[in-house]
Every structure is written in C-alpha cells, then in structure tokens.
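A short write-up of the structure that comes next.
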C-alpha cells in the first residue's frame, strides 16, 4: 500500500510529489534490506549465532519470500508471554536453533495495548516508540523459551505449543 | 542453547533484552544509534558498522 498513489501518506500530495516519495521509500527499503543481508553475511562468515526479529502481522517485504530463509519461530500472540501487544512477530535463527518452551504469563486484559490506538510516531514512515515497546517479561520469557531452553520455576511446567 | 561469552543486542529494544540477559546472569551489551533511555552501552551507527564489518572491518561487529 505504501507504494501506491492511493496510500494515506500521499493523500495531500500531487502524483508527482507522491512518486518522488515512493521512489525514496523504495530506495530506503533497498538500503535497509542490503544492511540486513550484510548482517546475516557477517554472522555467516564468522559462524556467530544471530537472531533477527521482525513483525509478522501485515504483509511486508520479508513476508513475501524476499529473505534467505523462512522464520524459525513465529509468535502469533505475544501477550501470552507477558507483552503489551499481541503483534505477531517472526524470529530468524542463524547458526543456532531455537529451543522449545512455552512460558504462559498472560498480560492482564486491561494492560493489553492496541497498535492502532498507540501514540503516533513523530513523522510518517517511522514506527512509534510505543508500538515498538517490548515488555521485560516478554523478553525474559522469550530468552528462556527459545534461546536457553530454561524452565522458569515460578511458572511451573508448561506444554510447548509449537 | 549454551551461550559462550557475551550477548550483543542490536537496534530498537536492545536494552530491554540486554537487561533480561543480565538478570539471567548472562553478560550482555547493547548497541543503537539512539540513547533515549540513557542506558545504551554503545551509541553507534549500526548501518555503517554493518557495512564495514561485511567488508571485513568493523570495530564492533567484526567479532574479532
């Protein structure tokens, strides 16, 4: 959508102005995509374990098969592990494999945030800080479930749902 | 997965993951071009550093 004249970002622009912005967006995407591939390249050359995270909800470039491998893990609901947002998220593991675990630490419903109603970014094309937030609980649970394979005693034994 | 050495957390929310690794007794540092919360260990241009590291150099991502 962001590459279409009908995108909301361009509603007050002429077609020529929108086209310039679309071309800039395409170049920015290309530049960032190359940086991503270079990061994978560095890890591959050195044999260093690397884990990359990216949203997996709406259609986007990486979701259209434009990456070196499919995601290793996709968490469809981060609130089950204590995050603020449901926000489906994909994780790619390079030079390592995810462990499997499921720490069930559901976020109370009144604390779950909605991306559509989050604080906006300072300008178009930038993701707002609030939307990007990851809760410390989620980070800890992700590390224990998928990196360390560590059972957390305070949550008891959980069945893996993956 | 056994972690040998230090964990390096990059880009946005790297501080959140860094702090949790440290609480789990795993040494960790974070890298970002921003320092919004005053806790970033290494404030660097990760794009430039990645490009340099891929070409064989790099101070932080060279992993030498």
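The values are calculated or read from the model by the stated rules, or taken from the named source; none is laboratory data. This is a predicted model, so every value here is computed, not measured. In this analysis, Cβ positions are derived from the backbone assuming ideal geometry, glycine residues included, and neighbour counts consider all displayed protein chains.
For the range A:130-141, give me each residue that is more than 8 Å from chain B (Cβ to nearest Cβ) and under 13 Å from residue B:19 (Cβ atoms).
A:137, A:138
Looking at the range A:111-151, which of the residues that are part of a helix (DSSP H, G or I) and modelled with pLDDT under 90 is surrounded by the fewest Cβ atoms within 10 Å (Cβ to Cβ)?
Among those that are part of a helix (DSSP H, G or I) and modelled with pLDDT under 90, it is A:116.
Restricting to the range B:11-64, give me the number of residues that are more than 9 Å from chain A (Cβ to nearest Cβ), outside any loop (DSSP other than H, G, I, E, B), under 16 Å from residue A:50 (Cα atoms) and touching a helix residue (DSSP H, G or I) at 6+ places or on another chain (Cβ under 7 Å).
4
Which of the residues that make up the range B:1-10 are over 20 Å from residue A:42 (Cα atoms) and more than 7 Å from every other protein chain (Cβ to nearest Cβ)?
Answer for the range B:1-10, where residues must be over 20 Å from residue A:42 (Cα atoms) and more than 7 Å from every other protein chain (Cβ to nearest Cβ): just B:2.
Please go through the range A:48-62 and give me each residue that is within 22 Å of residue A:132 (Cα to Cα) and touching a residue at least 12 places away in the same chain (Cβ under 8 Å), ordered by number.
A:50, A:51, A:52, A:53, A:54, A:55, A:56, A:57, A:61, A:62
Looking for something in contact (Cβ under 8 Å) with a residue 12 or more places away in the chain, closer than 23 Å to residue A:142 by Cα, in a strand (DSSP E or B) and in contact with a strand residue (DSSP E or B) (Cβ under 6 Å, 6 or more places away or on another chain) - is there at least one such residue anywhere in the range A:24-47?
no
Checking the condition surrounded by fewer than 16 Cβ atoms within 10 Å (Cβ to Cβ) and either modelled with pLDDT of 85 or more or more than 30 Å from residue A:10 (Cβ to Cβ) (or both), which residue from A:154, A:64 passes?
Among A:154, A:64, only A:154 is surrounded by fewer than 16 Cβ atoms within 10 Å (Cβ to Cβ) and either modelled with pLDDT of 85 or more or more than 30 Å from residue A:10 (Cβ to Cβ) (or both).
Any residue at all in the range B:46-64 that's within 27 Å of residue A:99 (Cα to Cα), surrounded by fewer than 13 Cβ atoms within 10 Å (Cβ to Cβ) and within 13 Å of the chain's Cα centre (by Cα)?
No, every residue in the range B:46-64 fails to be within 27 Å of residue A:99 (Cα to Cα), surrounded by fewer than 13 Cβ atoms within 10 Å (Cβ to Cβ) and within 13 Å of the chain's Cα centre (by Cα).
Among (1) touching a residue at least 24 places away in the same chain (Cβ under 8 Å); (2) touching a helix residue (DSSP H, G or I) at 6+ places or on another chain (Cβ under 7 Å), which single condition is residue B:7 missing?
All conditions pass for residue B:7, except number (1).
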